[in-house]
Amino acid sequence: MTRDALSAPRILIVEDEAALSMLLAYNLEAEGFLVERAERGDDAELRLLESPPDLVILDWMLPGVSGIEICRRLRARDATRTLPVIMLTARGEEGERVRGLSVGADDYVVKPFSVPELMARVRALLRRASPERIAGRLNAGDIELDRETHRVRRAGRDIHLGPTEFRLLDYLLEKPGRVFTRAQLLDAVWGMSAEIDERTVDVHVGRLRKVLSRGRERDPIRTVRGAGYSFDETFGRA
Ligand code: CA
């Protein structure tokens, strides 16, 4: 499943060891994150000022400005006060741990670390910082979607969706009220490279509606003429 830039969390890796930085980028991208990399502390500072990501993986020892100084400055600015930060440090610098946490890092990992372990920490931090982004479950009114089990229920009954309809519902439900064009839905649900007619979106939205509402319950999907589709943000509210 691909996610477009509007919904995939952005992660900035600030690490001067190119091999490690590339390894992390590779693994994060494989999990659907958008990854940016900086090798120097001063470059990272510029990027963080221009457009703060959703999470920073920050090495302690960096050319330019040190990781700890970057972290301290992030915490001093309103725009980045709560930006999730994971600090990386080399073995032997553990003594600095307390200092790292005291300047406001959210988590702290000692090299060498296992990549799955770091991935788990990234997910946990993002979940805490913006639960709707990678929540395991999405709800609206009597509709519930579970991303881990791929189950959808409405008013307690199981709704059986095909894989495309599931992804479509997942995508729309993540941002209730937001209108997506057919082209955006194609990119997000079918993938960037898909060469599929935009009318295909209409066909699948039609199927999704039919299964969700069975023709007699309220239709949670709104067709916006000339624009596209959205999940009705008023659905489930009085
Ligand atoms: Ca370093």
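The values are calculated or read from the model by the stated rules, or taken from the named source; none is laboratory data. The structure presented is a predicted model; accordingly, all values stated were derived computationally and were not measured. Here Cβ is always computed from backbone atoms with ideal geometry, including for glycine, and neighbour counts include all displayed protein chains.
Data table
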| read-out | value |
| --- | --- |
| Residues satisfying the stated conditions in the range 9-42, i.e. more than 16 Å from the ligand (Cβ to nearest atom) and either surrounded by fewer than 21 Cβ atoms within 10 Å (Cβ to Cβ) or not in a loop (DSSP other than H, G, I, E, B) (or both) | R10, I11, Y26, N27, L28, E29, A30, E31, G32, L34, V35, E36 |
| Residue match in the range 89-107 (condition: at negative phi, among the charged types (D, E, K, R) and modelled with pLDDT of 85 or more) | yes |
| Residue in the range 58-67 that is within 20 Å of the chain's Cα centre (by Cα) and either at negative phi or without any contact (Cβ under 8 Å) to a residue 60 or more places away in the chain (or both) present | yes |
| Every residue from the range 54-93 that is more than 13 Å from Y108 (Cβ to Cβ), within 14 Å of the ligand (Cβ to nearest atom) and part of a strand (DSSP E or B) | none |
| Qualifying residue in the range 33-43 (condition: free of Cβ contacts under 8 Å to residues at least 24 places away in the same chain and of a type outside the set (D, E)) | no |
